[in-house]
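Notes to accompany the following structure.
Values quoted throughout were computed directly from the atomic coordinates according to the rules given, and no laboratory measurement underlies them. None of the values given here were measured: they were computed from a predicted structure. Every residue, glycine among them, receives a Cβ derived from its backbone with ideal geometry; neighbour counts consider all protein chains shown.
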């Protein structure tokens, strides 16, 4: 077996299952899951209808799909990204700058396997707390993770000033998550430009996980993106910059497993070669409906309105007992807990039949080799995913309001 597998920690939901294993809820109220970021809004009707088209299915199932994806899908993605991030026309091309992927999770992991050198002293920088795929990708790629804290005093943004220059010099890859999971914090254009400058100075690649970019609450101020920062810098080759997007959150299609990678053509050419061996081509009918989804914004705007309504109604109820704030973007609360986060999660399950995710499971306590001194920044917090229906979310908030600590 690969000896690096022993460095992997249990996935957060495995730890959560173990935490709840011997607990029994003291109420007959229906269970409400606020733990997993799985969208529960209805998928777009036109996508469901298209997936039932027999001709489309026969065509998609009757042949091996191309790893590079169809011209139609890559063009739809390039057009969407160009408009969404205010890119100059024809600088993000379907031919050179876009690859379809089977959801961002698959791509975020495999990307590191393709781009890391295998050098014994290589480093992958990532936020702390984080999406655990970043850590696993780094470890199995033979690199040392470096955890960058996201403290409240920094607006829950990664404190990149805390990274020593000696670490930057060893860095080969930086994982950025904006809007953040679990914090909801958004790195602005100036912050993105600074990271690009660091990438140039120390010669590393930025992998920007932007899968929550289309869930925000002010229609006039969508979150900035890494490609947008490149455009503002006149960096039309997107050098060292690669972004990851998905239809899972944007379009309520997590089961479709459809997303894309876009950016630096030189990097993507080599990543494409890796993917021809990786065996991860997207089915033809999935590509066809994905193109439809990327070309439609009406359902995305309607989706944001549903989240806006939930946060508007649920937040005042929860604020009576928890210090919750509406996030800048995304669909998570990230509140501090009145007791330690594991105990609080257990009490919520026992007394309220509600499942949340302890923040400790999403962070790491750094060591001198992985981030210096400091606590696990997820400790004393929980992640609550506001993905269920409005009625269920309001029921959950009311139960939490009555929780006996």
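With every atom except the alpha carbons ignored, what do you get for Rg and Dmax of segment 67-113, in angstroms?
11.5, 32
Express the Stokes-Einstein translational diffusion coefficient of the chain in µm² s⁻¹, to the nearest whole number, given a Kirkwood radius over alpha-carbon pairs, 20 °C and a viscosity of 1.002 mPa s. If you can, show how the numbers build up before the last one.
On the way: Rh = 21.9 Å.
Reported coefficient: 98 µm²/s.
Can you give the helix-only mean residue ellipticity at 222 nm for the chain, where every DSSP H stretch with n ≥ 4 adds -39500 (n - 2.57) and the sum goes over all residues, rounded to the nearest 500 deg cm²/dmol?
Details: 15 runs with 154 residues, N = 405.
Rounded to the nearest 500, the figure is -11500 deg cm²/dmol.
Can you tell which of 103, 284, 330 shows the greatest fluctuation in a Gaussian network model of the chain with Cα springs below 10 Å?
Fluctuation is largest for 284.
Could you pull out which residues in segment 375-405 have an amide N less than 18 Å from a spot 7 Å beyond the Cα of residue 305, following the Cα-Cβ vector?
389-391
Anyone know which of 221, 365, 144 comes out most mobile in the 10 Å Cα GNM of the chain?
221
Relative contact order (percent) for the chain, with alpha-carbon contacts under 8 angstrom and 6 or more residues of separation? Display every interim value, and only then the final one.
Numbers: 799 pairs, mean separation 102.8, N = 405.
Relative contact order, the chain: 25 percent.
Take the Cβ-Cβ distance between residue 166 and residue 221 as r, set R0 to 25 Å, and report the resulting FRET efficiency rounded to the nearest 0.05. Could the numbers behind the result be given before it?
Details: r = 37 Å, r/R0 = 1.49.
Efficiency for this residue pair is about 0.10.
How far apart, in nm, are two points set 7 Å out from the Cα along the Cα-to-Cβ line at residue 298 and at residue 312?
With each label point 7 Å from Cα toward Cβ, the separation is 2.2 nm.
Build a GNM of the chain with springs between Cα atoms under 10 Å: which of 21, 81, 114 gets the top mean-square fluctuation?
21
Among 150, 230, what is the fewest-to-most ranking by other Cβ atoms within 10 Å?
150, 230
Rounded to the nearest 0.05, what FRET efficiency is calculated for residue 93 and residue 72 with R0 set to 22 Å and r the Cβ-Cβ distance? Don't skip to the answer; put the middle values down first.
Details: r = 14 Å, r/R0 = 0.66.
Rounded to the nearest 0.05, the efficiency is 0.90.
How would 126, 282 line up from fewest to most surrounding beta-carbon atoms within 10 angstrom? Walk me through the numbers on the way to the answer.
On the way: 126 28, 282 25.
Arranged by neighbour count, lowest to highest, 126, 282 become 282, 126.
Determine the distance separating the Cα centre of segment 132-150 from the Cα centre of segment 260-296; give it in Å without decimals.
First find each Cα centre; the distance between them is then 24 Å.
If you take every DSSP beta bridge fully contained in the chain, what fraction is antiparallel? Give it as a percent rounded to 5.
Working: 15 of 35 bridges.
Among the beta bridges of the chain, antiparallel pairing accounts for roughly 45 percent.
Can you tell me how much longer the chain between residue 368 and residue 276 gets when fully stretched, taken as 0.36 nm per residue apart minus their C-alpha distance, in nm with one decimal? Could the numbers behind the result be given before it?
Details: separation 92, 0.36 × 92 = 33.12 nm, distance 3.85 nm.
My answer for the length gained is 29.3 nm.
Order these by the 10 Å Cβ neighbour count, fewest first: 135, 219, 106. Each step should come with its number before you reach the end.
Details: 135 21, 219 10, 106 18.
Ascending Cβ contact count within 10 Å gives the list 219, 106, 135.
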